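Chemist: This is the structure I want to talk about, given as structure tokens.
Nothing in this text is a laboratory measurement; each read-out follows from the coordinates by a stated rule. Since this is a predicted model, take the numbers as computed values, not measurements. Here the Cβ positions follow ideal geometry from the backbone for every residue, glycine too, while neighbour counts run over all protein chains shown.
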Amino acid sequence: MARKYSKHGPREDILKDDDAPEAAPPPDCWLCSRPCGETVVWHHPVPKSRGGRDTVPMHPICQNMLITTFTNSELQRYGLDVDLLKLDPRIEKFLGWVANKDPDFNAALGKKKQR
């Protein structure tokens, strides 16, 4: 049977505060290039249904904007080239609007339009 407590004393003596790993800075959002906040969404730029395997860090609101703006076929065509996505006028407008928002800001963007 395993011991409930270490026979060498309490665990706090073994692990000191200066041994604690430093928190890494949050990654930058793939779409808007702002630092991510508490919530980081790992998004597939090329949808998994279209064979995408790579993931990129994004804000939830930025991911919602991509999902509501583009179809999976369009996202597959753009691939990992974020500069092509930023040329779309809807994305340009969104990036100008979200630029001064808090990293954890989230808002409803509407529903995906049926084509």
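Chemist: Look at the range 97-115 and say how many of its residues are over 19 Å from the mean Cα position of the chain (by Cα) and not basic (Lys, Arg). Break it down stepwise before answering.
Modeler: Taking the range 97-115 as the starting set, the residues that turn out to be over 19 Å from the mean Cα position of the chain (by Cα) are 110-115.
After this cut, where a residue has to be not basic (Lys, Arg) as well, the list is 110, 114.
Of the residues in that region, 2 qualify.
Chemist: Suppose we filter the range 63-73 for residues that are within 12 Å of VAL46 (Cβ to Cβ) and either surrounded by 13 or more Cβ atoms within 10 Å (Cβ to Cβ) or touching a residue at least 40 places away in the same chain (Cβ under 8 Å) (or both); how many remain?
Modeler: Residues of the range 63-73 that are within 12 Å of VAL46 (Cβ to Cβ), as a first pass: 66, 70, 72-73.
Adding the requirement that they be either surrounded by 13 or more Cβ atoms within 10 Å (Cβ to Cβ) or touching a residue at least 40 places away in the same chain (Cβ under 8 Å) (or both) leaves 66, 70, 72.
Residues that pass the stated criteria total 3.
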